[in-house]
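Right, one structure below, let's go through it.
The values are calculated or read from the model by the stated rules, or taken from the named source; none is laboratory data. Small disclaimer: the values here were computed from a predicted structure and weren't measured. Heads up, the Cβs are rebuilt from the backbone with ideal geometry, glycines too, and the neighbour counts pull from every protein chain shown. These area figures cover heavy atoms from the full protein model, side chains too; ligands, DNA and RNA do not enter into them. Shrake-Rupley method; radii C 1.70, N 1.55, O 1.52, S 1.80 Å.
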Amino acid sequence: MRDVIQDIRYGLRALLGMPGAAGVAVFALALGIGANSAVFSVINAVLIRPLPYRDPASLVVVWENKLSKNMRQQPVSAADYRDLREQNQVFERIGAFEPQSAVLTGSGLPERVEAAEVSPGIFEILGMSPALGRSFAYDEDQPAKNSVAILSDGLWQRRFGGDRRVLGSSVRVDDRNYTVVGIAPPGFRLLDNPAELWVPYTPNAEQLRRRGLRTLTMLARLKPGVTRTQAEIQMRAVARRLAEDHPDSNAGYSVDVIPLSEQMTGDVRPTLWTLMGSVTLILLIACANVANLLLARAGNREKEMAVRAALGAKPARIVRQLLTESVLLASIGGALGLALAYAATPALVRLAPANVLRARDITMDWRVVAFTLCASMATGVLFGLAPAVSAARTDLNSTLKSTTRGGSGHRARSSLRNALVISEVSCCLVLLILAGLLMRSFSRLGEVHPGFRADHVLTMQISLPPARYSGLRAEMFYKQLLDRVSVLPGAQSAGLCRFLPLSGNDATANFLIEGQPALTSADQPRAKFRAAGGAYFTALRIPLLHGRLFDASDDERTPKVVIINQAAARQYWPNEDPVGKRILSGFEKDQWSTIIGVVGNVKHAGLDAETQPETYYHFLQIPPEAVPLAEGTMALVIRTSTAPAAMISTVRDAVRSLDPEQPVYDVKTMEEVRDGSVAQPRFRTVLLGVFAGLAVLLAAIGLYGVMAYSVAQRRNELGVRMALGAEPGYILRLVLGNGLVLAAIGLAIGLAAAVACARMISGFLFGVQATDIVTFGLCSLFVLSVAAMASVIPAMRATRVDPVSALRME
């Protein structure tokens, strides 16, 4: 222990004796370790930290799928949920929930909150015990007993001030009174659902009859000893029996059983591991930089090490001393890197897209600190080992006799330094190419026309309470709202739709085409279902290609009409005019709808998603029992002649003038909606671009350091050359050429590595090939230019060597 303390004290004195070199090394290490710690903090929060449920490894999500229609991870119907639950032999417990939205009134201004109808027992599946009160009883899924509710801690604190007396009291939700029986613990979430209020799920007779109405998310806990694969096999057998018994609704449907951890992180996992690989390359570049620095210092300390060896120091003792110095450097760099990561965490949280689950829980917990500590120690050994071993192999006789600084090991160390520079350039090029590919991909994504114009469009969501707005009352509310909003100052046109473009939300409906043979439900044509009305298409500038749009004559009293998109026209009426044709949707009862127009394709699932066939029905002509307007969310879309934000208050006032207790929410411009749809590609593009910039900076510093040291070591040689008649231009080309040769070798290796790495991220690319020649070529030229700039200063310094001074030293 005494020897270790002595090594640390001597190492600190050694570092204080080279403040400039130590500062450069700490700076490089802080960048490398800090970037790793920052990305690891995200990975820790999203992928590593256990889900906040009891025994999360045994939790699974059960989905239905229909691979023939490329329909994966579909919710289940109430009837299918009942049958899967009763016929299962592999699950300890099964529950389900359906996301909803609700309007909370009383105790303040009306507030729209996210809610969910849940089967009693679902909280027990997750191991959630209310912080106050109780959970739902198993008989509270009956209509006579289901007027109970559980509040989230956030809603309880925000709406009721954390008053414990709310337990047992009544709250009014969607004009219905519920008794509060429990308060969830702080931070609890039902999977990725943002609900703040839960009520029992009570399916009615219509929901149990319509197996095609798939709205439930199934959650289950595996029995002890049962694997996910065994559960999936058994559930698929049940699904086959259901398909045989109910071919109209279940033919072709199977079941997927997905581990909960995979379900909650599957989309973002590749992005995060790609970023982690990127920052690992940055750390390797930083290590190569510091190793080069220590190798240079080892050359200056050769005689010191030789004297130590001559006085009896063993090679292992010299290696230990030098490794102590490198670990001290890494520890200081790691501490500074942890501080940088802590400072960068808020920016990461803001940049992280909403679907990066638990990103808001990013903290510097013990795992991040332990990772940083381990990374620092490993880094210290990694960059310190080569210089330490090189110093321990010093030839005593030749070193003690030598009168130059380079000593006997100069050539070996020079080769090692060159190899490190080559590796830096290679890693730098790989990162730069990956960032370049993502940037070009993101640029191509931004060039995709979404099918509408997003400028000067204000949107907001409205959810009407079903108890107060059933049937015609909901239709009347929306008609009056459109009339009032359309005449507001600054409003050019206004419309309504069930699902906003680029929101990722949709519904699918089967339909029949008049004059074509009758088909089973499983084989019928399918299209995305949209409810719209007012001047919706005009407000978003969705082009009319043929026919006409909805107008004031289309209402609940006139014959039913429908508008289709170009994709539907091409798929189902490829060589004919669809206008005037009639279709019968699955939610209609023998009431055919006439196609009155064809509009352009609109991106709903995402800018990079293929456009699907779509049908737009007038919201006033949809049967209330099929798609109740008061049981879903309608989006109000307004094209403005002024800044959209300037109209928010006036539109809110228009809604309140119709119903003082009706809130609006999720108020955004369509430009914000569009930007939000590309949040994840922007996240990885921005971060990888920043990491590539750091890599270029570190590689330039490394190459400059090696070239500067090389010039210092060759000072006498260069002086002799100039004394013998070498021109400054020749010396400049000689030194600059050495730097460019190293860079060229690094580029060749980096290009080969970049091809392999680019193929690994090909799933992230849109409109760009993984081996895009333009990106590879421009990035290579840029790295070569940086290498030339890093080498030119030492080369210029070499031309100013004094030949007389060099000859005197010889």
* Asked: What is the helix-to-structure angle for 78-87, meaning the angle in degrees between its Cα long axis and the longest Cα principal axis of the chain, kept from 0 to 90 and rounded to the nearest 10?
  -> 70
* To do: Compute from the Cα atoms of region 151-194 the Rg and the Dmax, the latter being the longest Cα-Cα distance, and quote both in angstrom.
  => 10.9, 29
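Between residue 351 and residue 745, take the C-beta separation as r, use R0 = 45 Å, and let me know the FRET efficiency to the nearest 0.05. Intermediate results must be reported in sequence, preceding the final value.
Details: r = 36 Å, r/R0 = 0.80.
For R0 = 45 Å, the calculated efficiency reads 0.80.
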* To do: Tell me which residues come under 5 Å, amide H to amide H, from residue 137 once H is placed; ignore anything under 5 positions away on its chain.
  => none
* Taking the alpha-carbon centroid of each part, what is the distance from region 177-202 to region 208-286 in angstrom? -> 24
* Any of 581/668; 66/223; 528/668; 581/603; 223/603; 479/581 with alpha carbons more than 31 Å apart? Name them for me. => 581/668; 223/603
* Compute the acute angle (0 to 90°) between the alpha-carbon long axis of helix 366-392 and the principal axis of greatest extent of the alpha-carbon atoms of the chain; round to the nearest 10°. => 20
* Mean residue ellipticity (222 nm) of the chain, computed from DSSP H runs ≥ 4 via -39,500 (n - 2.57), nearest 500 -> -16500 deg cm²/dmol
* Asked: Quick one: accessible area per residue over the chain, 1.4 Å probe, rounded to a whole number of Å²?
  -> 44
* Can you give the accessible area of residue 124 in Å² (nearest 10), computed on protein heavy atoms with a 1.4 Å probe? -> 50
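Kindly sort 761, 233 by accessible area of their heavy atoms, largest first, with the probe set to 1.4 Å. Don't jump to the answer; show the numbers that get you there.
Values: 761 10, 233 110 Å².
Listed by decreasing accessible area, they come as 233, 761.
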* Within region 421-463, whose backbone N sits under 16 Å from a point 7 Å along Cα→Cβ of residue 756? -> 423-424, 426-431, 434
* To do: Return the sequence-ordered ³J(HN,Hα) values of region 112-127 in whole Hz as given by the Karplus equation 6.51 cos²θ - 1.76 cosθ + 1.60 applied to θ = phi - 60°, using x for Gly and Pro.
  => 8, 10, 6, 9, 7, 8, 10, 6, x, x, 5, 5, 5, 4, 7, x
* Asked: Which GluC sites (Glu not before Pro) in region 490-576 pass both tests, a DSSP loop state and at most 14 other beta-carbon atoms within 10 Å?
  -> 514, 576
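With a 1.4 Å probe and all protein chains kept in place, how do 701, 749, 43, 94 rank by accessible area, largest first?
Numbers: 701 60, 749 90, 43 0, 94 25 Å².
The ordering from most to least exposed comes out as 749, 701, 94, 43.
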* Relative contact order for region 562-622: what is it in percent, counting Cα pairs under 8 Å that are at least 6 residues apart? -> 49
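Report the trypsin sites (Lys or Arg not before Pro) located in region 95-154 that are in a DSSP loop and have at most 10 other Cβ atoms inside 10 Å of their Cβ, or state none. Walk me through the numbers on the way to the answer.
Numbers: sites: 112, 134, 145; in loops: 134, 145.
Of the trypsin sites (Lys or Arg not before Pro), not one in the loops of region 95-154 has a Cβ with at most 10 other Cβ atoms within 10 Å.
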* Any idea what the relative contact order of region 495-560 is, in percent, if you count C-alpha pairs under 8 Å spaced at least 6 apart? -> 36
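On the protein heavy atoms, probe 1.4 angstrom, tell me the percent of accessible surface of the chain carried by carbon and sulfur. Working shown, then result.
Details: 20410 of 35450 Å².
Looking at the chain in its full context, I get 58 percent from C and S.
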* Asked: Counting only protein chains, not ligands or nucleic acids, how are 456, 449, 618, 246 ordered by accessible area (probe 1.4 Å), most first?
  -> 449, 456, 246, 618
* Asked: Which percent, nearest 5, of DSSP beta bridges in the chain are antiparallel?
  -> 80
* Starting from the Cα of residue 241, step 7 Å toward the Cβ, then list every residue of region 69-103 with an amide N under 12 Å from that point. => 83-90
* **Solvent-accessible area of residue 365 with every protein chain in place, 1.4 Å probe, in Å² to the nearest 10** => 30
* Relative contact order for the chain using alpha-carbon pairs under 8 Å, separation at least 6, rounded to a whole percent? -> 16
* **Gain upon complete extension [residue 646, residue 262; 0.36 nm per residue less C-alpha separation]** => 134.0 nm
* Asked: Relative to the longest principal Cα axis of the chain, at what angle does helix 728-760 sit, 0 to 90 degrees, rounded to 10?
  -> 30
